[in-house]
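The values are calculated or read from the model by the stated rules, or taken from the named source; none is laboratory data. Small disclaimer: the values here were computed from a predicted structure and weren't measured. FYI the Cβ positions are ideal-geometry reconstructions off the backbone, even for glycines, and counts take in every protein chain you see.
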Amino acid sequence: MTRSRASSRSTGSRLWSVGLGIGRTGSLVGARFSYHWHHRPEPDRTQGPVQGAPAGFRLAGRSGRPAPATLPAQTHPRRARGEHARRDHMAKLRLFLDDIDPDADTIVVTGEEAEHARKVKRVGPGHAVTILDGRGGVIEAEVVNIRRELELRIIERRVEAPVSPRLEVYAAAPKGPRLDDMIDALSQVGAASWSPLETKLSVVDPRPGKLARQERIAREASKQCGRAWVMTIGARQRLEAVLEGTGPETAVVMADVGGERYERTGRGVVRLLIGPEGGWTEGEVALARSKGARVCSFGVHAMRIEVAAAVCAGVVMEREGGAESRGADSR
């Protein structure tokens with residue numbers, strides 16, 4: 001075994017090398033271990049802070065290493081996750097309840113809503129809760145007790161006016177689960193209603209069971225986004241009937257890539273028509289124009305039905321000022 005040492009006082013560096021040699025029959029021959037240690041020279045405290053020291057550190061001791069007491073404060077990742085979880089659990093809970101006694105001071109919630117609040121949201125006494133009835137009624141409450149049932153104390157009642165303009169969407173139904181995505185998106189954007197539209201190239205005819213599912217999705221979307229009026233799901237309508245049943249306060253807009261740019265109508269009701277994946281026929285576009293409908297483009301590319309419905313509805317609500325017309329009356 002041999003050992004050598006080299007030292008340099010000018011640079012503060014030391015190099016240690018250890019060589020190991022074992023006999024010819026040994027398993028370890030010529031192995032070598034090297035250790036290199038570099039340290040800063042001791043700082044001159046008469047000259048102020050050491051040049052090149054990282055921000056937030058001070059050098060202390062003969063080795064010049066950072067003093068433990070001056071290291072920047074850091075939060076352990078596990079503790080940070082716990083704090084985020086506690087903040088999430090204290091976020092306001094929204095419930096959707098149909099029938100509420102207008103004279104009651106407390107509400108007892110049972111069933112799936114109470115189970116979801118207890119096991120998933122993990123609410124506790126003092127937690128804020130917003131209750132929606134889907135018809136404009138909003139109740140602010142707080143949790144009093146929670147076991148198998150959720151007991152709430154009512155703090156405030158109010159009625160919110162519907163968003164204006166009233167946006168009625170008539171769109172061809174897309175295939176499969178894409179219809180669920182479209183209903184969820186339209187509800188969040190602010191559409192007042194959706195009805196399946198029958199056109200020349202329509203493919204999907206949603207049955208009553210599927211329409212009932214869309215009503216449940218609209219309710220869940222209303223609870224998620226906090227809208228006071230749930231989006232209604234209508235029956236299937238033919239294009240001709242939709243174009244005929246209009247009044248002076250209703251503007252009919254047909255979405256088509258070859259149309260003009262959408263501009264504000266100022267009407268109280270906007271009826272938005274979204275065609276099937278095969279598009280409109282020339283006869284349908286001509287019929288819409290003859291009935292006074294505006295043919296407007298909402299993008300530079302052709303879009304899927306569920307994408308076009310959400311994008312066009314969002315543009316209409318923004319141009320018509322629907323995002324600024326929301327009001328509430330407290331009682």
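Looking at segment 139-178 only, could you name the residues that are under 20 Å from residue 271 (Cβ atoms) and either out of contact with any strand residue (DSSP E or B) (no Cβ under 8 Å at 6 or more places or on another chain) or in a loop (DSSP other than H, G, I, E, B) (or both)?
Going residue by residue through segment 139-178, those that are under 20 Å from residue 271 (Cβ atoms) are 162-174.
Result: 162, 163, 164, 165, 172, 173, 174.
Within segment 98-115, is even one residue of a type in the set (Ser, Thr, Tyr) and more than 25 Å from the chain's Cα centre (by Cα)? Within segment 98-115, one or more residues are of a type in the set (Ser, Thr, Tyr) and more than 25 Å from the chain's Cα centre (by Cα). Take residue 233 and decide whether it is surrounded by 14 or more Cβ atoms within 10 Å (Cβ to Cβ) and in the same structural domain as residue 318 (by TED's automatic domain parsing). So residue 233 passes the test.
Please pick out the residue among 206, 276 that is over 15 Å from residue 312 (Cβ atoms) and in the same structural domain as residue 174 (by TED's automatic domain parsing). Reasoning before the result, please.
Working: 276 fails: over 15 Å from residue 312 (Cβ atoms).
Unique residue meeting the criteria: 206.
Within segment 284-296, the set of residues being closer than 25 Å to residue 306 by Cβ and not in a strand (DSSP E or B) comprises 284, 285, 287, 288, 293.
Considering segment 242-277, and only residues there that are among the hydroxyl-bearing types (Ser, Thr, Tyr) and outside any strand (DSSP E or B), the residue that is modelled with the lowest pLDDT turns out to be 246. Checking segment 134-142 against the condition returns no match, with no residue being touching a Ser or Thr at 6+ places or on another chain (Cβ under 8 Å), exposed (fewer than 14 other Cβ atoms within 10 Å of the Cβ) and over 30 Å from residue 306 (Cα atoms).
Exactly one residue out of 282, 240, 244, 263 is among the acidic types (Asp, Glu) and either within 27 Å of residue 209 (Cα to Cα) or not assigned by TED's automatic domain parsing to the domain that holds residue 304 (or both): that is 240.
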